[in-house]
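Reading through the structure tokens given below for one structure.
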Amino acid sequence: MGGTEICIMKIKKADWVKLAGVGIVFIVAFAAGYQILKPSKRLPVYNPSQLDKRLVDEAVQKVGRNHRVLPFALLNQQGDTLTEKDVSGKIRIVDFFFTTCPGICKDMAVQMRRLQEEYASDEEIILLSHSVTPEQDSLPVIKAYAELQGAIEGKWHILTGSKKHIYTLARQSYFAILDEGGSGDENDFIHTENFVLVDKKGRLRGFYDGTSAEDISRLIEDMEILKEEQKSRS
């Protein structure tokens, strides 16, 4: 009897070892399969109909899909004309400011410098800052401002041009300016602190408070998600 009991105990112990091994293999296989099959995290695609109507020109307020940034032609701090063709295939971080802004623009510039440093060697990403007072922010003025901010040529474009063109872009492409009505001069428009993340197809993928270090950290996290998405679709 004693020998039989020992034999049974040994068999049971061996079975437990086998079962444990099978269980471990199953768990590892399940985890690997889940990682392969689970849907990748994606950023939303924003369209005008989803946004605050105060930011959106009436002409595009009802657009609910397939929104793209409009074609543009503006001067950068080097005096070169920058168009949508020059930024094709690039991920863009966009804002609106003016060089003499005494308030939020200073904080926005701090965060733009941070992003420039973060992506200085990344040729996929460019920064576009649009002046909302282009009459004052002439080419010599934005050139001096770019030098003050340490803007890297080809990485961070400080842009000026036709006021009408810039406001059309702001309210029909990027949705970064509030229209207060009135006489139509710059005092009737309030630029927001928003940084806008735009993908390679010219679609809006995120809005961030450009005065908040925490929110810009969120932008940096979202950028990695967007880059993975664009990589998988390229």
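Pull out the extension gain between K90 and K53, defined as 0.36 nm times the separation in residues minus the alpha carbon to alpha carbon distance; nm, one decimal. Let's see the in-between values first.
Details: separation 37, 0.36 × 37 = 13.32 nm, distance 2.78 nm.
Extending this stretch completely gives an extra 10.5 nm.
Run the quick spin-label model on E147 and Q230: label points 7 Å from Cα toward the beta carbon, then report their separation in nm to one decimal.
Inter-label distance under the simple model: 3.1 nm.
Over 20 Å between C-alpha atoms is what I'm after, so list which of K85/K155; K41/K227; K62/K200; K41/K201; K90/K227 land there. Kindly include the intermediate steps, with their values, before the conclusion.
Working: K85/K155 15 Å; K41/K227 11 Å; K62/K200 23 Å; K41/K201 18 Å; K90/K227 11 Å.
Cα-Cα > 20 Å for K62/K200; rest within.
Out of all DSSP beta bridges in the stretch 77-234, what portion is antiparallel? Express it as a percent rounded to 5. Kindly include the intermediate steps, with their values, before the conclusion.
Values: 11 of 22 bridges.
The answer is about 50 percent antiparallel.
According to the Cα gyration tensor, what semi-axes, each the square root of 5 times an eigenvalue, does the equivalent ellipsoid of the stretch 88-185 have, listed from largest to smallest in whole Å?
Working: eigenvalues 103, 49, 31 Å².
That gives 23, 16, 12 Å for the three semi-axes.
Residue separation times 0.36 nm, minus the C-alpha to C-alpha distance between K106 and T83: what's the value? Before the final figure, lay out the partial values.
Numbers: separation 23, 0.36 × 23 = 8.28 nm, distance 2.64 nm.
Working it through step by step, the gained length comes to 5.6 nm.
Bear in mind that the values in this text are calculations on the coordinates, not laboratory data. A quick note: this is a predicted structure, and the numbers were derived from the prediction, not measured. As a convention, Cβ positions derive from the backbone with ideal geometry for all residues, glycine included, and neighbour counts pool all protein chains shown.
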